1. How about Lys347: which lysines have a C-alpha closer than 23 Å to its C-alpha, ignoring those fewer than 8 places off in the same chain?
2. If I compute Rg/Rh (Cα atoms, Kirkwood Rh) from the structure I just sent, which labelled value in (i) 1.19; (ii) 1.13; (iii) 1.04 lines up?
3. Rounded if a/c is under 1.5, else prolate if a/b beats b/c, else oblate: with a ≥ b ≥ c from the C-alpha gyration tensor eigenvalues square-rooted, which is the stretch 252-298?
4. Run the quick spin-label model on Thr795 and Thr699: label points 7 Å from Cα toward the beta carbon, then report their separation in nm to one decimal.
5. Using only the heavy atoms of the protein chains and a 1.4 Å probe, how would Arg1106, Arg410 rank by accessible area, largest first?
6. Modelling each spin label as a point 7 Å along the Cα-to-Cβ direction, I'd like the Arg1086/His261 distance in nm, to one decimal.
7. Leaving ligands, DNA and RNA out of it, report the carbon-plus-sulfur percent of the accessible area of the chain at a 1.4 Å probe.
8. If R0 is 51 Å, what FRET efficiency do you get for Asn772 and Glu1028 from their C-beta distance, rounded to 0.05?
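The values are calculated or read from the model by the stated rules, or taken from the named source; none is laboratory data. Quantities reported herein were computed from a predicted structural model and do not represent experimental measurements. Cβ sites come from the backbone with ideal geometry, for glycine too, and all protein chains shown count toward neighbours. All accessible areas refer to the heavy atoms of the entire protein, side chains included, with ligands and DNA or RNA removed. Shrake-Rupley method; radii C 1.70, N 1.55, O 1.52, S 1.80 Å.
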Amino acid sequence: MADFDLSEYVTSYLSEPSSLISPDYVADDLEDALDIVIEALAMDSAAIAQSNYFETLECILLNFSSISIKCKAKLADLIISGLSAQADTANQLVNSDELESFPQQKQLLEIYGFLIQWTIAVIETAFEQAQQGTSKAKSKNKTHGTNSVDSSFAVEYFQSAFDAICKVEKIKLSKLFVTTSERDLFISLFTRSAYLILENEQNVKNVPIRMHVFKTLCMAIKFHGHGFAAQTSLVQNLLYYDHLSETIAEFLQILSEQYDHTQLADEILRDLSSREFSNNDTKGPKSVSLFLVRLSETLPRVVNQKMTLLVKYLDSESYTLRCAIIEVCGNLIVDLSNLEDDSETHKAQMNTFFDVLEERFLDVNPYCRSKVLQVFSKLCDLEIKFLPRRQRVADFSIQSLNDKSSHVRRNAIKLISRMLSTHPFSVMHGGQLDIKEWQERLDKVNAEIKVAQPPLEEDAVEHNPGDLSRIDENLLDNLSENGDENAGNDTVIREQYETMELINKLKLTKQYYTEALTYIQSLHKASESICSLLSAKNKSEVIEAMDFFVVADAYKLQPAKDGIRKMLHLIWTNANNDEGKGVQNHLIECYRSLFFTAPEEFSEGDTCTFIARNLISLTYGATAAELTSLERLLITMMKNNQMPQLVIQKLWQVYGVQQRDISKSQRRGAIIILGMLAAFDSGIVVRELETLYHVGLGTYGKQDLVLARYTCVALQRMASATQKLPEDHAIFQRLCSIIEAYSENKEWYPLAEQAINAVFSLAKKPDLLCGNVIKQKTRAVFGNEVSESSKPMSTTCALSQLLFIVGHVAIRQLVQMEMIENEFKRRKIASEKGELIRNSKVCHVCANFLVFSTDNQSPSTSKDELDLITGTSEDDFSDAMGQIRERELLYDNRALLTRFGAMVTEICSDNLKYNDPQLQIMSTLCMAKFMCVSAAYCESHLPLLLTILERSKDPVTRSNIVIALGDMAVCFNHIIDENTDFLYRRLHDPDSAVQRTCLMTLTFLILAGQVKVKGQLGEMAKCLEDGEKSIADLAKMFFGELARKDNAIYNSFTDIFSTLTADQDLDENSFRRIIKFLTSFIEKERHAKQLAEKLAARLPRCETDRQWNDVTFTLSLLPHKSEEIQKVVQEGFKVVSSNA
C-alpha cells in the first residue's frame, strides 16, 4: 500500500467510512476472511500493508455490529497485537537510527493507528448501544442479543488498546515523522479515541479505563505537542458534557504532578476566564463552576495565579459562577494557611480572599450567601483560627440569621455551631465558655495589673509601666564604681525587669480574656436569634437549631438552657408527615444525648442516678407549658421503651427518702416526673400508693404545699388503672383534711384545686366527700369553730378559700355529669349490639346533688342507676341531665350550691363593702364558674361580670373573667355571641398578662369555630405589632393557623384593612408590616386579583395622603397585573375641592 495517505483516509473516515471500501472488493464470509488475515499477520504483522488484508479489516470494521462476539474479540486482539509489535519494531529502528526503514515503518504505524482508532470507535458505539438495550430490556424483562458488547469485554479491550497506544507514544516520533503536521495527525488518531471514551459517563466511572485515557493524553501533551489541541478539546468537552467537570480537573492534576506540565491548566483557565455566558445558558456555568472548584482543591497554586482573571466571574449574572469563585477563594485560603510563609505578600493574598468572601455576605442571591457560610464553616477547621476575621464572620453570621431565605438561615446556624465547637479560646482554661467565669478571670487580671503596676510619679503620668526607658539610667552609669553597690543595683534592675515582664504578660492575658468575652457575647446574641428559629416553618432550620443548642450546652453557653427548654415545645409538632416525625424524633435524640447519656465509666446504678438527677433538674423553674411539653416527651419515650425501670426506682427513692435531708425542689421534681410517667403507665403510682400517702399527703406535704399539689396530680393518674375507691379510704381522709385546712399561703389554692380533682377522679361518690368538706368549711367560716393551726383565722381569707372550693366543686360536678352521660351512651350502644357490660365503672347519679341533711342519710343508692334506665332513650337521658344542670344544681332548695349563688353575687356587686382583694378575686371566680353551669344563671349575671371586667383594677380578676367568657362561649354560645366585643377590648388591656390571656382565648375560640368573627380580626392583627414579643409571636401563630382554613384570611382581608386604616394611632410603618405579613397568606392569583379590585375601588374615595398610601402599598403587595389599576396608581393622589 504505497499509496496509503493517512490524511485522506482520516478525512474519508470522518465524513463517510463506507467510501474507504473499493467497489471491486467482495467478501462473502467476513469471519473466514478475518481468519485468513489473522494467519497472514501472524507470520508478519507488516503484511497489513497489503491492500487486500487492509481492505478486509476495513470491511469487517464497517460491519462490526453484524459479526459474532467471538469474531469481534479476534479482530480486537489482531489489531492490538499488531500495533504493539510495530511499536516495538519502530522503537528499535529509531534507537538504532536505521533511516532507510523509517518510511515503511511510519506507514505501518499509521495503518495500525488508523485501524485501532476505528476499532475503539466501533466498540464504544456497540458498548453504548448494549447499555441502552440492557436498560430497555430490564424495563421489559427481556434479554439483549448475544452479539452485543458487554462491559467486561469493552473494559478489557480498552485497557489493552491504550496500553499499546502508550507504547507507541514512548517512541521518538519526531524522527519518524518529518513534519509537525504529520506527527500531529498521527497523534490525533489516539487522542480522538481518548476523547471519545471520555464522552461516555460509564467509561469515566471505571477507574482503570479513566487512568489509561489520562496516561494517553498526558504523554501526547508532554512528548508530542498536543497541548493546544488538548486545550480546545477539553474546553469543548467541559462545556458540553456535565460529567467531565471534575474528571478534567483530575486529569490536569495528574498532568501537573506526574508529568510536570502546568501550562495546559493555565491556558484552560485563561480561556474560561474570557468566555461570556448568556442568561439562558445554565449548563455551561454549572460545568465551569464544578471544574473550578475541583481544580482549586487539587491545584490551588495554579488557580491562585489566575485569580486576577477569574475574579471577574463575581460580576457574572450566573449565581452558579459566583458560588464557584466563593468556594475557590475558600480553597485557596486553606492552601495558603498550610504554607509556612510569613511574608507580606502571603498575608495580603489571604486578606484579599477574606475580603472577597465577606463582601459576598451581601450577595443578592441566597445561594451565594449560603455558599459563603458553607465556606467559612470549612475554614473553621483550620489550625490557624484567624481571630480578628473570626469575630467579623461571627457578626456577619448573626446578621444572616435574619435572612429572608431559610437556606441561608440554616447555613448560618451551621456556621455558628462550627465556630462554637472550634473556638480559639481553649488554650488556657479548657473549652468551656461560661461568660461569668471569663468575666471573673478578666476582673482578676485587672486587679493583678493594678497591684503589679508601680505608682506613677507626678511628672510621669503618661508613662507606660512596661517601657524599658523606665529603668534608672544612673544605676546603669554607676555599675563599675564598687562591687557592693553593683550587686545592689543589679538586684534593682532585675526586679524592674521582672515587674515589666509580669505586667506585659498580664496585659496579654487581659487582651486574651477581652477577646474571649467579645466572642462569647456574639455567641449569646446569636443564640437569641437561633432560639426564635425553633419555631420556623422550615423543619431543617428547626433541626439545625436543636443541634446548635446541644453543642452550646456542651460548652456551657448560658443561653443554651433557654433554647433547650424552648425546643421542648417541638414535641407538639404535627406528626402526620415525615417532616413532623423527623422533628419529634430529632428532639427525642437531642434530649437523650443531653440528659440520658451518662459517661462511659459509670456503672448501671450510677447511670440511672445520673438520668434521674437530670430529669429532676428539668423541673426547676419550669413553666406550666414547659411541664406539659415535658410530659408529652416522656410519654413518647415511654411508648418507645426508652425509660429504664431503674430510673423510676431512683425517682421514688428521691421522693420517699426520710433518713436524710433532701431539698424541696428535688423531692418536688421527683414526684412531678413520676406523675408524668404515670400518665402512660398508671401502675407506677398504684404500686407506690403508700409512699404518696406518707410523704406527699403526710408531714412533708403539710410543710410543702407544692409537693402536696403534685402528689395530688400523681394520684389522678390512678383513675385509668383502678376501680373507684370507697369514701372511707385513707387517701380521701388526707385529701379532705388538706382541702379543709386553713392556710394563708397562696399555694393553698392550686393545692385545693388538685385535691378536689383527685377526689372526683378516684372516689365512687365524690359528691358526698365534697359536700362534707363544704359543710365543714362553712362551719369553720361562719360558725364558732377554732382553727387547728396556732395562727388566728382571717375571716376574709377563710371565706375566699370556701368560695374557691365551692366554685371548683361546681365545675367538677359539671364534668362528672358529662362523663356520666358519655358512659350512658357507651352502654346504650353496647347493649344495642348485644354485648354484655361487666365490671364497668360505677357512675353515681344524684339528682339532688349535695343536699343539706341534719342526719347521716346518704343521697346515694345501692345500685347503679344507669342499670335502672337502660330502656331510656339518649335524648331523654340528655334532657334529664340538662334539667339537673339548669334547674337543680344552683336553683333547687335542697342543693348545697344554691346557698352560695346569692352570696357570691352580693360580694361581687359590693366591692366597697367587701374590699379585700383576694376575696374579690375568689368571689368573681366562683361566680364565673357558676355561670358555666347554668345558662339561666349565666344570662342573669352576665351584665355584672362584664361590668367587673371593664372596671376591675386587678389584672388577675380580668384574666379570670376572660378565660371564663371563653368557657361560656363554648357552653352558651347564644348568650356570649352578642358580647364578644368585651373580649376583643382586652386585647389592648394595659396589663400584658391580660392581653396574652385574651389573645390565647380568642385564638382557641376562633380556630375552633366557637365564635363568629364579625370584623374584629383587625384588632387581632394589631397584636402583630405589640411591644411584647410573646404577644406578637402568639398573633403570628394565630394567623398562621387561620390561614390553613379555607380562604379565611382572604375572606376577612378587607375588614382587617378597614380596621387598620381607621385606627389613627397606628403608625404607617406598623401598618405596612402588618399588611405585608397578611398578604403573604394570599397565595391564589384569583384571590389577589379580586382583592386588588376591591381595594382599587377605594382610591377615588381617599381623602388624605395617608389613606392613598395605605391602599397603594397594599396593591403593590398583590400581584394583580391590572393595567387600569396601575394607571390610577401612577396618576397619584389628587385633592378635589368644591366651592360651596
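1. Cross-link targets: Lys306, Lys312, Lys378, Lys385.
2. (ii)
3. Values: a/c = 3.94, a/b = 2.06, b/c = 1.92.
Prolate is the answer for the stretch 252-298, as a/c is 1.5 or above and a/b outweighs b/c.
4. Those two pseudo-labels are separated by 3.7 nm.
5. The residues order as Arg1106, Arg410, largest area first.
6. With each label point 7 Å from Cα toward Cβ, the separation is 6.6 nm.
7. Working: 27260 of 56260 Å².
Roughly 48 percent, rounded to a whole number.
8. On the way: r = 46 Å, r/R0 = 0.90.
For Asn772 and Glu1028, the calculated efficiency is 0.65.
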